[in-house]
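What follows is a short report on a single structure.
The values are calculated or read from the model by the stated rules, or taken from the named source; none is laboratory data. Quick caveat, the model's predicted, so the values are computed rather than measured. No Cβ is skipped: glycine too gets one built from the backbone with ideal geometry, and neighbour counts run over all protein chains shown.
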């Protein structure tokens, strides 16, 4: 068994991995950027090491992470999800340094990281794939020819992409150039590769994925399916298992295909094969060679600890169970609670949590790194928590989810809780008939009518349950100190990036010891609100940043003539691209930023004159 593991991640998934390590009696090492110094994962870990550099980049700096791993004498590294979890170079570098990478082999990560190569592999294994190219595409004319061959809509996808990043849907010839360049740009930005491919876009399919585990002894099992069809911008909002109204024969074929594809790869560790399901057909979409965000719902219905199995597999153990030992019990739903304003088209909403209280009932699980005073910063994903609910039936799980959402108190930033409350009441969702374009294409069209009810309902339930009281930290241990010493005061000191905890007691005359409790008692972060103000992106003559972010593309030049509503710039914040448009018709009189520049909220980006 490993003695010490470094978690190359942050937030809730880092905390989740630490909990699995603690159960296995493995010492844990956390790494953190400067803004994450008070993070939950940092507090849970046995050791903590600070990362040098820009907060938005340090978790991708694998040379520095490996240096810390060597200095901390770790046996293995768990990458979580995101960041370096599907970086084959990092996995190989770990091996080269004599450190076990808790995940599949580097060549498997590389093959599945390329959507072009993964389609080839799965097709050869007899797993159905969506009609499309098997070679990268760079020429817009090739895309237009495919539009004639397959018919629109088409999907242009970054070969190294995932999670909806680097994906553009094209519905007519005129959109091809912009969609192709957008997918290439996003692929290069997020995944370091501008390679894209094209496939037939399936309108109104369901997004069904299969969780698999493979060990180093050739054993592969599936942990059944998850339905992830409730999405916006191709990113998941609600997941559930089992998938509602999935034909039993189709389900059996889907699970068998997933295991067959996994075995063809000689896959080890946890992984997920994602499929598009339409009527009685299914098509391979991609494979994620890591633990998934939504893994808790599978754990709730199967009783398998997926993260612990990952660690045991990496230690060389055989799977602790066989396929016939696994069954689905009940129904589980996961709501991704994001710091986003649903009333502003899910705009990311960084800020500070002035209150944070999780629901607490026997059938609720919350995976989160939040606490009162937690700061949602624009460098990282907007995910605050994963609210996971179990019920004996789907109907019971929906009812319990509704109750848990009402009991969840988060103040200081806008969240997606009102959306989740509304979708739980939605007849189409309740009927199990949601498809991947339902939320954006149908449900959100009625949001203006729904918002008053669910936003007010959320505020009312919080007020009634908590009487407006803000959550605070528990008081520290108040045990009386020895008479010759004052109460210990705790400090943290940093020596060559490693952080140590130090307790200091003042020696005093007997009977004169003074408590420093009143001085030391404080929350991890000040509760004073420092919520980032969301400004309009434009005034009559100005275009300004709505929040901290990066200028990804400037689409006009100075002195160019523009029309009101014309797209002039692409802006990225919290891993989400936004199109900025001209507030009026006129001439671009000034461009105040450059491509790649990081700017703060309310910075002047561009001016438009007569």
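Here are a few things to note about the model shown:
- Some residue of region 285-295 being closer than 15 Å to residue 223 by Cβ, assigned to a helix (DSSP H, G or I) and touching a strand residue (DSSP E or B) at 6+ places or on another chain (Cβ under 6 Å): no
- Residue selected from region 539-554 under the condition modelled with pLDDT under 85 and assigned to a loop (DSSP other than H, G, I, E, B), by the criterion surrounded by the fewest Cβ atoms within 10 Å (Cβ to Cβ): 540
- Any hit, region 33-40, residues being surrounded by 20 or more Cβ atoms within 10 Å (Cβ to Cβ), in a loop (DSSP other than H, G, I, E, B), under 20 Å from the mean Cα position of the chain (by Cα) and in contact (Cβ under 8 Å) with a residue 40 or more places away in the chain: yes
- Checked against (1) touching a residue at least 40 places away in the same chain (Cβ under 8 Å); (2) part of a helix (DSSP H, G or I), residue 445 passes all but a single condition, namely (1).
- Residue 48 vs. criteria modelled with pLDDT of 95 or more, more than 17 Å from residue 314 (Cα to Cα) and more than 17 Å from the chain's Cα centre (by Cα): yes
- Residue, nearest to residue 142 (Cα to Cα), within region 155-187, restricted to residues that are at pLDDT below 85 and surrounded by fewer than 21 Cβ atoms within 10 Å (Cβ to Cβ): 164
- Per the listing 594, 528, the residue uniquely out of contact with any helix residue (DSSP H, G or I) (no Cβ under 9 Å at 6 or more places or on another chain) and modelled with pLDDT of 90 or more is 594.
- Residues satisfying the criterion are present in region 240-261 (criterion: touching a helix residue (DSSP H, G or I) at 6+ places or on another chain (Cβ under 6 Å) and either closer than 29 Å to residue 160 by Cβ or in the same structural domain as residue 25 (by TED's automatic domain parsing) (or both)).
- Residue check for residue 218: in contact (Cβ under 8 Å) with a residue 12 or more places away in the chain, within 30 Å of residue 84 (Cα to Cα) and more than 25 Å from the chain's Cα centre (by Cα): yes
- Qualifying helices (runs of 4 or more DSSP H) (wholly inside region 388-434; at least 2 residues being in contact with a strand residue (DSSP E or B) (Cβ under 8 Å, 6 or more places away or on another chain)): 394-407, 417-425
- Verdict on residue 550 being farther than 15 Å from residue 348 by Cβ and touching a residue at least 24 places away in the same chain (Cβ under 8 Å): no
- The sole residue among 453, 445 that is farther than 17 Å from residue 421 by Cβ and at pLDDT 65 or above is 445.
- Residue that is farthest from residue 122 (Cα to Cα) [pool: residues in region 255-264 that are surrounded by fewer than 23 Cβ atoms within 10 Å (Cβ to Cβ) and touching a residue at least 12 places away in the same chain (Cβ under 8 Å)]: 255
- In region 235-254, the residues that are without any contact (Cβ under 8 Å) to a residue 12 or more places away in the chain never reach a residue that is surrounded by 22 or more Cβ atoms within 10 Å (Cβ to Cβ) with C-beta atoms less than 8 angstrom apart, at least six apart or across chains.
- Matching residues, region 573-604, being under 32 Å from the mean Cα position of the chain (by Cα) and not in a loop (DSSP other than H, G, I, E, B): 573, 576, 577, 578, 579, 580, 581, 598, 599, 604
- Residues that are surrounded by 17 or more Cβ atoms within 10 Å (Cβ to Cβ), assigned by TED's automatic domain parsing to the domain that holds residue 210, in a helix (DSSP H, G or I) and touching a helix residue (DSSP H, G or I) at 6+ places or on another chain (Cβ under 9 Å) occur in region 331-348; there is at least one.
- Helices (runs of 4 or more DSSP H) within region 79-147 that include 1 or more residues more than 30 Å from residue 315 (Cβ to Cβ) and at pLDDT below 95: 115-124
- Being touching a helix residue (DSSP H, G or I) at 6+ places or on another chain (Cβ under 7 Å) and not in a helix (DSSP H, G or I) holds for only one residue in 169, 198, and it is 198.
- Any hit, region 64-73, residues being surrounded by fewer than 19 Cβ atoms within 10 Å (Cβ to Cβ) and more than 23 Å from residue 495 (Cβ to Cβ): no
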